[in-house]
1. Being in contact with an Asp or Glu (Cβ under 8 Å, 6 or more places away or on another chain) and among the small types (Gly, Ala, Ser) is the filter here; which residues of region 299-328 pass it?
2. Say we look at region 321-373 and pick out the residues that are more than 18 Å from Val398 (Cβ to Cβ) and among the hydroxyl-bearing types (Ser, Thr, Tyr); which of these is farthest from the chain's Cα centre (by Cα)?
3. Looking at (1) in a loop (DSSP other than H, G, I, E, B); (2) farther than 16 Å from Arg30 by Cβ; (3) small (Gly, Ala, Ser), find the lone condition where Gly134 falls short.
4. Ala339 passes all but one of (1) outside any loop (DSSP other than H, G, I, E, B); (2) surrounded by fewer than 21 Cβ atoms within 10 Å (Cβ to Cβ); (3) small (Gly, Ala, Ser); which number fails?
5. Enumerate the helices (runs of 4 or more DSSP H) found wholly within region 15-118, keeping only those where 1 or more residues are more than 23 Å from the chain's Cα centre (by Cα) and of a type in the set (D, E, K, R).
6. Among the residues of region 216-267, how many are in contact with a Lys or Arg (Cβ under 8 Å, 6 or more places away or on another chain) and basic (Lys, Arg)?
7. List the number of the failed condition for Pro26; all other conditions in (1) modelled with pLDDT of 95 or more; (2) surrounded by 13 or more Cβ atoms within 10 Å (Cβ to Cβ) hold.
Amino acid sequence: MASQSSPIVNLATHLYRHAIGLATNPKHLRWLAPLLIVADAGLCALIIWKVPYTEIDWKTYMQQVSQYVSGERDYVLIKGDTGPLVYPAAHLYIYTALYYITDQGRNIELAQYVFGGLYLVVLSVAMACYRLAGVPPYLFPLLILSKRLHSVFVLRLFNDCFAVAALWIAIYAYQKRIWTVGNIAYSWALGTKMTVLLALPAIGIMLFQALPFGRALKSAALMAQVQIILAFPFLPANPTGYLLRSFDVTRQFLFKWTVNWRFMGEQSFLSREFSTTLLITHASLLSLFLITRWTQPSGLSLPSLARTLFQPFPPQAKQQMSLLVTPSFVLTTILTALAIGLLCARSLHYQFYSYVAWTSPFLLWKSGLHPILIYLVWAAQEWAWNVYPSTDRSSLVVVACLVVQVLGVWWGSRNDLAFGSLEHSGYGQTTSEPREEAKPIKS
């Protein structure tokens, strides 16, 4: 009996090992990632064909563009059916292009296919970023399975899609150390929607450790210059109006549309105390990561790192620190900053899932969770974001999943670069022994 079952056992063992290899060996992503993208392309086409388009902001965007192409340059006067123009100029330029491509916004089906193509481009870039960070294949199916994300892109045509696209291009450029392209792409994302400002603290500390101080300052200046160029057509008419409308941090959101804090109740949601608590929590979490995680390439405390503004690193130490800003570090810091900001946001609307969907799988993996737990948390989050309108239960799940990601990645990244930092290389220590020459580090 044992001899008869032996081939079956051997086959089962072989299949099991093969399945584990497919799920965990990154070399299989050379064919698995393109296969997933092709499958998702078919899914996008099927959704556009079968699922009715939902009008939310497209008509308003087109009305605002119509006023712009007619010559209006005072941002305060550009309005639509659902309200005034409240996004920076890159948003207006993007939708101006769509205005002409889609026959002044009338050919909505064509617009859906444009957004479908955009979705596939962003998906491809996100997968490339994951591959550079060494993410295993079993995580990749989560990047194509979100019902809400497909809805945001191909059924609702939100401007968040373009902001997310530019942000992921920036991340990829930073991972490849193409700093200028990354800075321009990030600033373009910020010029599309202010939400990506949440990633700026991580980008700042990353650039400070990856580049000489002078080049880091030039990066900041380049981002500012891009914003000035984008805003330039509107500055002569009403510069204050442009800034207040494009980057309004005081804007109030209605309780009826919130996805995240509904379980707090409307009175608490609208209170100044709650807003202050979220602001303090946001600052505290950023400080925690900045002090304990985001300075890991230097291996120095934040005050010690700050002192290098006046006492620069020796060239060799700076080179080593720069090399420790790996693709994994870049992706972890930027996505963590984004998740912290979303967790502490007073109100998230459904389109904000475009920032969450491709962030969560990576952060859950960096948290060190078992693959089954990763899929369970992802499924709970996906369920919560698909409940419409949101409920106390669904909003609690939204917040809980973000808490798991933020605290999980803090714990899971505690040993990152533990033996590669400048602290372990001897920088800042009094010693007569020569340090090893900095070597490129495989990411």
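The values are calculated or read from the model by the stated rules, or taken from the named source; none is laboratory data. Model, not experiment: these values are computed from the prediction. When we count neighbours, we look across all protein chains shown, and the Cβ atoms used for this are built from the backbone with ideal geometry, even at glycine.
1. Answer for region 299-328, where residues must be in contact with an Asp or Glu (Cβ under 8 Å, 6 or more places away or on another chain) and among the small types (Gly, Ala, Ser): Gly299, Ser328.
2. Ser322
3. Of everything listed in (1) in a loop (DSSP other than H, G, I, E, B); (2) farther than 16 Å from Arg30 by Cβ; (3) small (Gly, Ala, Ser), Gly134 misses just condition (2).
4. Of the numbered conditions (1) outside any loop (DSSP other than H, G, I, E, B); (2) surrounded by fewer than 21 Cβ atoms within 10 Å (Cβ to Cβ); (3) small (Gly, Ala, Ser), the odd one out for Ala339 is (2).
5. Ranges flagged: 29-50, 58-69.
6. 0
7. Result: Pro26 fails condition (1) only.
Matching residues to (1) surrounded by 17 or more Cβ atoms within 10 Å (Cβ to Cβ); (2) in contact (Cβ under 8 Å) with a residue 12 or more places away in the chain; (3) basic (Lys, Arg):
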position	(1), (2), (3)
Leu217	no, no, no
Met223	yes, yes, no
Ala231	yes, yes, no
Leu235	no, no, no
Pro239	no, no, no
Asp248	no, yes, no
Lys256	no, yes, yes
Val259	yes, yes, no
